[in-house]
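As structure tokens, the structure follows; a few thoughts come after it.
The values are calculated or read from the model by the stated rules, or taken from the named source; none is laboratory data. What you see is a predicted model; the values in this text were computed from it and never measured. Cβ coordinates were reconstructed from backbone atoms using ideal geometry, including for glycine residues, and neighbour counts include every protein chain displayed. Note: accessible area is taken over every heavy atom of the protein model, side chains too, but ligands, DNA and RNA are not part of it. Shrake-Rupley method; radii C 1.70, N 1.55, O 1.52, S 1.80 Å.
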Amino acid sequence: MSNTEYGSTAALEILQTIYGYGEFRGQQREIVDAVIRGEDALVLMPTGGGKSLCYQIPSLVRPGTGIVVSPLIALMQDQVDALQALNLNAAFINSSMDANEINRTENALLNGELDMLYVAPERLLMPGMLDLLHRSEIALFAIDEAHCVSQWGHDFRKEYMGLSLLADRFPDVPRLALTATADERTREEIVKNLSLGQAARFVSSFDRPNIRYMIGEPTNARDALLHFLDTHHEDDAGIVYCLSRKKVEQTAEWLNKQGRTAVPYHAGLPAAVRELNQKRFLREDGIIVVATIAFGMGIDKPDVRFVAHLNLPKSVEAYYQETGRAGRDGQESNAWMAYGLQDVINLRSMMSKSEADERHKR
């Protein structure tokens, strides 16, 4: 049996015995086989399409540790917990840890004891971390939420721009860039900024047939939202997006007065409050998170039954990304949006204050 055949057989066995799935879906098998062979890949797959398996399984088949670059420190614990529940050796290194915890994790990496290690981009780019990686056996680099590298994307993170050095520093280690949404222009930015010119491209359909979209211009958006919830989602978990922090807090307070269990989430809240509210949403039933776009990326909750918008999103791409957090389990879910002229005014104001160049603003 050739190495390629062995890798493909091992991948299917891991899928069945560790993850409990009978077969790969869509392009998963092609992606997994390509990465096991040591090839780079750009993966565009809708939320709920199984992107994480595309790097987790090659991390287990290839020798060494899979390094997963994630922009969200707050979610690393949940992602690692999920892998450890499958009896996999996963860990993270981030600023929430003390020196002793970091030393233990670094030693585990050096000793080849980890299947996967999650790090934020700014941590990965530290000289000490790069030196540690050079002294370790690395199976692959998975750059999650890769649209963050694009100035055209809706969630640009400047620290992602430095990740191009991985191509030079680790030329023999395969790299995957993964995202749920990226138009042609954003894909080209990802390829350029991450030095993925030779990468195989896997672009899946963005269609999510289990999500029903409802958009309207009601006279009273709150009343319309409550009617939508009472009619379709009496006890379900979901997300309500608002443009401003003030509106987030007011809406969460109002929903609680209506007998719902709602928690706010935005970047202005203390970190401990954000973490608590996020954990409640992930682990309790029927919780509604009212949030700005600071919430949602990387959230791995399969039974989000609805995503509602009380304001226009910043772009169609952002809207698709946000609504895609519903129905990751494949069950029927709803995307509901109310909008008005004031949204257009607010978005124009936010755009004018942006630090982006004039071309981007246009």
Which numbered condition D236 fails, given (1) assigned to a helix (DSSP H, G or I); (2) within 24 Å of the chain's Cα centre (by Cα); (3) farther than 22 Å from A318 by Cβ: (1)
Suppose the filter is under 30 Å from L176 (Cα atoms) and open to solvent by 30 Å² or more (accessible area, probe 1.4 Å); does K246 pass it? no
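Of everything in region 180-202 that's assigned to a loop (DSSP other than H, G, I, E, B) and open to solvent by less than 20 Å² (accessible area, probe 1.4 Å), which residue is nearest to P127 (Cα to Cα)?
L194
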Based on this model, can you work out whether K279 counts as surrounded by fewer than 22 Cβ atoms within 10 Å (Cβ to Cβ) and at pLDDT 75 or above? yes
Of the residues D172, D131, which single one is on the phi < 0 side of the Ramachandran plot and in a loop (DSSP other than H, G, I, E, B)? D172
Qualifying position, being within 29 Å of A271 (Cβ to Cβ) and either surrounded by 14 or more Cβ atoms within 10 Å (Cβ to Cβ) or of a type outside the set (S, T, Y) (or both), among A177, A139, A167: A177
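I'd like to verify a number: residues in region 282-293 that are open to solvent by less than 50 Å² (accessible area, probe 1.4 Å) and modelled with pLDDT under 90, how many?
Qualifying residue count for the region: 2.
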Residues in region 40-79 that are open to solvent by 20 Å² or more (accessible area, probe 1.4 Å), among the small types (G, A, S), modelled with pLDDT under 95 and in contact with an Asp or Glu (Cβ under 7 Å, 6 or more places away or on another chain): how many? 1
Within region 214-221, is even one residue on the phi > 0 side of the Ramachandran plot, more than 22 Å from the chain's Cα centre (by Cα) and either modelled with pLDDT of 90 or more or of a type in the set (S, T, Y) (or both)? no
Residue among I143, I138, I102 that is free of Cβ contacts under 8 Å to residues at least 24 places away in the same chain and either over 21 Å from the mean Cα position of the chain (by Cα) or more than 24 Å from A272 (Cβ to Cβ) (or both): I102
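Please tell me if A224 is open to solvent by 10 Å² or more (accessible area, probe 1.4 Å), closer than 24 Å to G327 by Cβ and over 21 Å from the mean Cα position of the chain (by Cα).
Working: open to solvent by 10 Å² or more (accessible area, probe 1.4 Å): yes; closer than 24 Å to G327 by Cβ: yes; over 21 Å from the mean Cα position of the chain (by Cα): yes.
So A224 passes the test.
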What pairs come up if the first residue lies in region 20-33 and is over 18 Å from R175 (Cβ atoms), the second is open to solvent by 60 Å² or more (accessible area, probe 1.4 Å) and assigned to a helix (DSSP H, G or I), and their beta carbons are under 9 Å apart, counting only those six or more places apart or on different chains? G22/Q16; E23/Q16; E23/R29; F24/E30
Reported set for region 160-175 where residues are in contact (Cβ under 8 Å) with a residue 60 or more places away in the chain and either of a type in the set (D, E, K, R) or in contact with a Lys or Arg (Cβ under 6 Å, 6 or more places away or on another chain) (or both) is D172, R175
Here is a list: S96, S52. Which entry is closer than 19 Å to D144 by Cα and not aliphatic (A, V, I, L, M)? S52
